[in-house]
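Visitor: Below you'll find the structure I mean.
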Amino acid sequence: MTWDSRGKTAVVGIGTSKLSRKADKPLGLLALDAARAAMEDAGIAPGEVDGIVTYPDQPFLGAGNRDGEDLVTVNFLIDHGGLAKDLKWYSQISSGMIPSAFIEGVNALVAGTCNYVLVWRAMHLPAGTYGAWRSNRAGGDTQFTAPFGAANPFQWHALAYQRYMHRYGAKREHMAALVTNSRRNANLNEQAYFYSQPMGFEDYMNARMVSDPLSLFDCDIPVEGCTALILTTADRARDLKHPPAYIAGYGQQALKRPSLTTYTVDDYMACGGSTVDKIWSMSGLGPKDIGAAQLYDGFSPSTYYWLEAAGFCGEGEAWQFVQDGRVALTGELPVNTFGGSLSEGRLHGMGHLAEAVRQVTGRAGQRQIEGCDASIALDGSPMLRNAGILFTSEP
Amino acid sequence: MADLSPRPVPAPDELTQPFWDATAAHRLEIQRCTACGYYNHPPKRLCDQCTSPDLGFVPVSGRGQVYSYTVMRQTSIAGFEDKVPYTTLLVELEEQPQLLLVSTVPGDGAGIAIGQSTELWWEPIEEGFVLPQFRPIA
């Protein structure tokens, strides 16, 4: 049975700050830039925003935690956002990535708690080597990894990807199709960090290896900046400036997982599937209805896992599925039409939500998919806590 | 490069001290649930499988196989800057599926394959700690 509130809420505004490797202002101001741009895009005044929500986590464990500089919490927006004098509601979540924050906003609107919700994701890029381990003491679970020279998230992803390749016969050259496709899409996205830098098959194959089988180009590009969205109820949405992107369903990964210090690929089908099954069930839609899929790519193999877990192809087949232009803008399932985190920049899944909104509202410019009535954004890896949203152009 | 950073040393706590006490004596012991028999690694307050608090350390065989591996090429871990490339091995112990331990093998992983059997050896490091390490065997 489909969700009673299917199509009752919508995204009506998108705002982005500049994305760069080194911003000329503090992250808090980038978040305000994005928030104001989203309100302006929606055609509402800041004073009309009466609900706010984010997933504010630092870019990696051990990064700084100064509000407005290293991260941007709801406290910062309340103090500096010039929002409704008396906010009706706010929340910030610590698990399940930015779609989980988004879902909180949807639920608040469905409950009638507020009228306009601001959702944002701000990402800082600290100086120095991203996510480097610099401590000579390893406490907690890290005492079983760091003394062995394993402490960077890309190592966990590399271990999982190696096993995937072994199990299904994928080779590194197969990934070139997916990664270069994302770059071609980014070359049509002015906001993308790699907007003006093309990448071909040879460029990918010659990339510096980071942790085999992952190369530099299999890792998303860390940036600093913010993207913000405005959500409201469907009845309000109809009177605003742009066509609404209706929320048809959402899902979160909530299966019990083995507690491991490393990632494995043993249960990505079940865990990713549990998220997506909720979305299909709430929306009444399925993989064949999706005009464009925005699939998390903090590390490139996550997109493989999503393609399979969501049922866009069979288990172990994603490396074949992405070949022959099948995931290109002109293909049967355009994937990461904005360039993904790999080529637009690491907004930790917020870019995927924004692009899904653009695609179902005809606002994706040169990369617009004709007749894209439904776009799904799945954030996080299926191997981890993750969440997703399905947007449609009709309620 | 300037002075090399010291390699990270385990910082045991009440929960993990028995593991390191055992390795100092060249014994590999893994926390096991008294109630359901499930091995928990890293050690837990409550069993991952049945939530029982009745957990104790028991010896394991040390036999396992390569679950996965990756060749580390970045100098982004303190104390390992001069060791790249080295291979991070994920070893699955024979006692239980997904009972995984991380290990270090010098070099670029040539000849290593998933499913290969491994053997345990002991690496003394600073401050009296002894790391349980695994290497693939032919």
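Visitor: So, in the range A:143-166, exactly how many residues are part of a helix (DSSP H, G or I) and within 27 Å of the chain's Cα centre (by Cα)?
Guide: 13
Visitor: Still on this structure: Being of a type outside the set (Gly, Ala, Ser) and closer than 18 Å to residue A:163 by Cα is true for just one of B:106, B:124, B:136. Which residue is that? So that I can check it myself, show each step before the final result.
Guide: Numbers: B:106 fails: closer than 18 Å to residue A:163 by Cα; B:124 fails: closer than 18 Å to residue A:163 by Cα.
After ruling out the rest, the residue left standing is B:136.
Visitor: Would you say residue A:109 is in contact with a helix residue (DSSP H, G or I) (Cβ under 7 Å, 6 or more places away or on another chain), over 20 Å from residue A:297 (Cα atoms) and touching a residue at least 24 places away in the same chain (Cβ under 8 Å)? Explain how you work it out, then say what you get.
Guide: Values: in contact with a helix residue (DSSP H, G or I) (Cβ under 7 Å, 6 or more places away or on another chain): no; over 20 Å from residue A:297 (Cα atoms): yes; touching a residue at least 24 places away in the same chain (Cβ under 8 Å): yes.
No; evaluated as a whole, the condition is false for this residue.
Visitor: Report yes if residue A:298 is under 19 Å from the mean Cα position of the chain (by Cα) and either closer than 30 Å to residue A:23 by Cβ or buried (at least 23 other Cβ atoms within 10 Å of the Cβ) (or both), otherwise no.
Guide: Values: under 19 Å from the mean Cα position of the chain (by Cα): yes; either closer than 30 Å to residue A:23 by Cβ or buried (at least 23 other Cβ atoms within 10 Å of the Cβ) (or both): yes.
Here the answer is yes, as residue A:298 does meet what is asked.
Visitor: Let me ask something else about it. Quick one: which residue in A:321, A:338, A:391 is surrounded by fewer than 24 Cβ atoms within 10 Å (Cβ to Cβ) and of a type in the set (Phe, Trp, Tyr)? Walk me through how you get there before you give the answer.
Guide: Numbers: A:338 fails: surrounded by fewer than 24 Cβ atoms within 10 Å (Cβ to Cβ); A:391 fails: surrounded by fewer than 24 Cβ atoms within 10 Å (Cβ to Cβ).
Checking each option against the conditions leaves just A:321.
Visitor: Taking the conditions exactly as written (assigned to a loop (DSSP other than H, G, I, E, B), under 30 Å from residue B:111 (Cβ atoms) and modelled with pLDDT of 95 or more), does residue B:95 satisfy them or not?
Guide: Details: assigned to a loop (DSSP other than H, G, I, E, B): yes; under 30 Å from residue B:111 (Cβ atoms): yes; modelled with pLDDT of 95 or more: yes.
It is true that residue B:95 is assigned to a loop (DSSP other than H, G, I, E, B), under 30 Å from residue B:111 (Cβ atoms) and modelled with pLDDT of 95 or more.
Visitor: Let me ask another. Determine if the range B:24-41 includes at least one residue that is assigned to a loop (DSSP other than H, G, I, E, B) and within 11 Å of chain A (Cβ to nearest Cβ).
Guide: Taking the range B:24-41 as the starting set, the residues that turn out to be assigned to a loop (DSSP other than H, G, I, E, B) are B:25-28, B:34-38, B:41.
If we keep only those that are within 11 Å of chain A (Cβ to nearest Cβ) as well, we get B:38, B:41.
Within the range B:24-41, one or more residues are assigned to a loop (DSSP other than H, G, I, E, B) and within 11 Å of chain A (Cβ to nearest Cβ).
Residues checked against (1) in contact with a strand residue (DSSP E or B) (Cβ under 6 Å, 6 or more places away or on another chain); (2) in contact (Cβ under 8 Å) with a residue 60 or more places away in the chain:
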{"position": "A:4", "(1), (2)": "no, no"}
{"position": "A:7", "(1), (2)": "yes, yes"}
{"position": "A:11", "(1), (2)": "yes, yes"}
{"position": "A:20", "(1), (2)": "no, yes"}
{"position": "A:23", "(1), (2)": "yes, yes"}
{"position": "A:29", "(1), (2)": "no, no"}
{"position": "A:34", "(1), (2)": "yes, yes"}
{"position": "A:48", "(1), (2)": "yes, yes"}
{"position": "A:52", "(1), (2)": "yes, yes"}
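Visitor: A further question on this structure: Name the residue that is farthest from residue A:130 (Cα to Cα), counting only residues in the range A:31-55 that are buried (at least 24 other Cβ atoms within 10 Å of the Cβ) and not aliphatic (A, V, I, L, M).
Guide: Among them, the one singled out is A:51.
Visitor: Could you list all residues from the range B:80-107 that are more than 8 Å from chain A (Cβ to nearest Cβ) and either acidic (Asp, Glu) or in contact (Cβ under 8 Å) with a residue 40 or more places away in the chain (or both)?
Guide: Within the range B:80-107, B:81, B:82, B:89, B:91, B:92, B:93, B:94, B:95, B:96, B:99 qualify.
Visitor: State which residue pairs qualify: first residue more than 14 Å from every other protein chain (Cβ to nearest Cβ) and inside the range A:211-223, second residue part of a strand (DSSP E or B) in any location, beta carbons under 7 Å apart, and separation of 6 or more residues or different chains.
Guide: A:223/A:20; A:223/A:123
Visitor: Report yes if some residue within the range A:58-75 is at pLDDT 95 or above, closer than 28 Å to residue A:186 by Cβ and in contact with a Lys or Arg (Cβ under 8 Å, 6 or more places away or on another chain); otherwise report no.
Guide: No; the residues of the range A:58-75 include none that is at pLDDT 95 or above, closer than 28 Å to residue A:186 by Cβ and in contact with a Lys or Arg (Cβ under 8 Å, 6 or more places away or on another chain).
Visitor: A further question follows. If residue A:139 satisfies all but one of (1) of a type in the set (Gly, Ala, Ser); (2) free of Cβ contacts under 8 Å to residues at least 60 places away in the same chain; (3) on the phi > 0 side of the Ramachandran plot, what's the number of the condition it fails?
Guide: (3)
Visitor: Now for a separate question. Residue A:360 is checked against (1) surrounded by 24 or more Cβ atoms within 10 Å (Cβ to Cβ); (2) out of contact with any Leu (no Cβ under 9 Å at 6 or more places or on another chain); (3) under 18 Å from residue A:269 (Cβ atoms); (4) of a type outside the set (Phe, Trp, Tyr) and fails just one. What number does that condition carry?
Guide: (3)
The values are calculated or read from the model by the stated rules, or taken from the named source; none is laboratory data. All figures in this text were calculated on a predicted structure; none of them were measured in a lab. Neighbour counts are summed over all protein chains in view; Cβ atoms, including those assigned to glycine, are modelled from backbone coordinates with ideal geometry.
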